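The values are calculated or read from the model by the stated rules, or taken from the named source; none is laboratory data. Every value quoted in this text rests on a predicted model; they were computed, and no experiment measured them. Virtual Cβ from ideal backbone geometry, glycine too; neighbours counted across all protein chains shown. These area figures cover heavy atoms from the full protein model, side chains too; ligands, DNA and RNA do not enter into them. Shrake-Rupley method; radii C 1.70, N 1.55, O 1.52, S 1.80 Å.
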Amino acid sequence: QVQLVESGGGLVQAGGSLRLSCVASGSIFSIKTMDWYRQAPGKQRELVAGITSDGSTNYADSVKGRFTISGDNAKNTVYLQMNILKPEDTAVYYCHILTARRHYWGQGTQVTVSS
């Protein structure tokens, strides 16, 4: 059974940095995309950044220039480097992997940015 386990969240001051990691355990095949989503209290879950199997990346406008997504398909791992964090980045961050057959979600990791 495939499980996604995130780590790296925490409390940081505005302007600081965090690096999130997501490791997929179990057998996972035909990965199409690996993504990070986030959900702030009272708001809908939104796509933060994604990376395709061929290395193409996309970012939400709100994080462009500050966040960097990277992945290692061989290790079924995806990272999110977050720099110049802002209080509005506070949310639960979820790892997501899309394969040819289904979606996989992690349990989420809390990121809190204090002003």
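Annotations
- Qualifying aspartates and glutamates (Cα of each under 20 Å from Cα of residue 43; at least 8 residues distant if same chain): 35, 61, 88, 89
- When the residues 105, 36 are ordered by accessible surface, computed with a 1.4 Å probe over the protein chains alone, the sequence from largest down reads 105, 36.
- Theoretical FRET efficiency, 1/(1+(r/R0)^6), r = Cβ-Cβ of residue 72 and residue 107, R0 22 Å, to 0.05: 0.60
- Cross-link partners of residue 32 among lysines (Cα-Cα below 24 Å; sequence separation of 8 or more within a chain): 64, 75
- For a label point 7 Å along the Cα-to-beta-carbon line of residue 47, residues of the stretch 67-102 with backbone N under 17 Å: 67-71, 79-80, 94-102
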